[in-house]
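The values are calculated or read from the model by the stated rules, or taken from the named source; none is laboratory data. Since we're looking at a predicted model, the values are computed, not measured. Note that each Cβ is placed from the backbone with ideal geometry, even for glycine, and that neighbours are counted across all protein chains shown.
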Amino acid sequence: MRKILMLFWLLSGCVTAWAQTATRPASPITPRPSTPPVVEAPMRLLNGLIIVTAEIDGRTGDFILDSGAPMLVLNRPQFAEPTSSLIQGFQLRGVNGTGASFSTYHAESFQWQGISLHDHDVPTLDLTDLARRAGVTDLLGLIGYSLLSPYALTLDYGAQKVTLRQPTLDAATAGVPFVLRGHLPVVEATVNGQLLHLAVDCGAQQNLLDVRLTTPLAGQVRRSEQVQLSGADENAHAVTSGELRKLQLVGGPTFHKQSTVFASLRHLNQRATRTPLDGLIGYPALHQQITTIDYVNNVLQFE
């Protein structure tokens, strides 16, 4: 059975309590990086994942650029500290809903093309299985939302280049509007006239729709098959995969022949006060054009 990898993280637990009880003033939840106004970085693609090179405490290696991760996360086997212990009350939950407690590594210095962190406790997870399945031989970690949020992040898959620019706050900025749900930009889209709320995740190898949409959208899916869906841990579940004929962003482009998996998103929709999340859009849609996620003005832009 074919296997599909999808990076996606939810942080659960009381962020305020962690910040108040941390033994060091730095916190892995709210890092304050040094952020130059413009950053340009080369990237390479491995199985739909964006790989960049960064340095931490004098070590240079590969990081996955993952807007679905809430923060900078390090690969625990590469950065184990004898005194580290699991952080109680906090978990990072992956695409299958399984949670993993994390420990921390005290980083003296992190540098990525001018973006830097100093003297910070950084969460660590065991990413060994993720690195193996992604084909990354020396994975040091993931670069997530906490380092990207001051910027408009532009992904040029054709030129294999990442650009981050600090834009001016302007309510009139053109683009497809999104609402931040935690660290995830959520846009409106339609499939066969049905309105959906989809999170944007550049760490998703394929698009994902909630399993409850499998039957209503069956006529819009071709080449249906059973696959194994896994996240950053070793847990995998059998799900339905296929090619979605057409997906239209409200106020934006239309994407055709979209590789899509159908899986349960119940763990993302446990708060009754929130509009239910219907799925994620990732590499199949984002790589078709130059895509910008403007976290300052809350818009997506396409070229």
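For this structure, a couple of remarks:
- When Ala159, Ala189, Ala172 are screened for being assigned to a loop (DSSP other than H, G, I, E, B) and at pLDDT 95 or above, only Ala159 passes.
- Here Thr137 clears all of (1) part of a strand (DSSP E or B); (2) over 20 Å from the mean Cα position of the chain (by Cα) except the condition numbered (1).
Here's the yes/no breakdown for (1) surrounded by 12 or more Cβ atoms within 10 Å (Cβ to Cβ); (2) at pLDDT 70 or above; (3) touching a strand residue (DSSP E or B) at 6+ places or on another chain (Cβ under 8 Å); (4) not hydrophobic (A, V, I, L, M, F, W, C):
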residue	(1), (2), (3), (4)
Leu10	yes, no, yes, no
Ala22	yes, no, yes, no
Leu46	yes, yes, no, no
Thr53	yes, yes, yes, yes
Gly68	yes, yes, yes, yes
Phe79	yes, yes, yes, no
Ser84	yes, no, yes, yes
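- Flag for Gln228 being within 20 Å of the chain's Cα centre (by Cα), in a strand (DSSP E or B) and farther than 25 Å from Tyr145 by Cα: yes
- Residue within the range 124-134 that is more than 15 Å from the chain's Cα centre (by Cα) and in a loop (DSSP other than H, G, I, E, B) present: yes
Residues are listed down the side, and each one gets a yes or a no for (1) among the small types (Gly, Ala, Ser); (2) under 16 Å from Asn297 (Cβ atoms); (3) in contact with a strand residue (DSSP E or B) (Cβ under 8 Å, 6 or more places away or on another chain):
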| site | (1), (2), (3) |
| --- | --- |
| Arg132 | no, no, no |
| Leu140 | no, no, yes |
| Ala152 | yes, yes, yes |
| Asp156 | no, no, yes |
| Val162 | no, no, yes |
| Asp170 | no, yes, no |
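- Considering only residues in the range 248-277 that are assigned to a loop (DSSP other than H, G, I, E, B) and in contact with a helix residue (DSSP H, G or I) (Cβ under 7 Å, 6 or more places away or on another chain), the one that is nearest to Val221 (Cα to Cα) turns out to be Ser264.
- Search result, residues across the range 279-297 that are assigned to a loop (DSSP other than H, G, I, E, B) and either modelled with pLDDT under 90 or within 16 Å of the chain's Cα centre (by Cα) (or both): Gly282, His287, Tyr295
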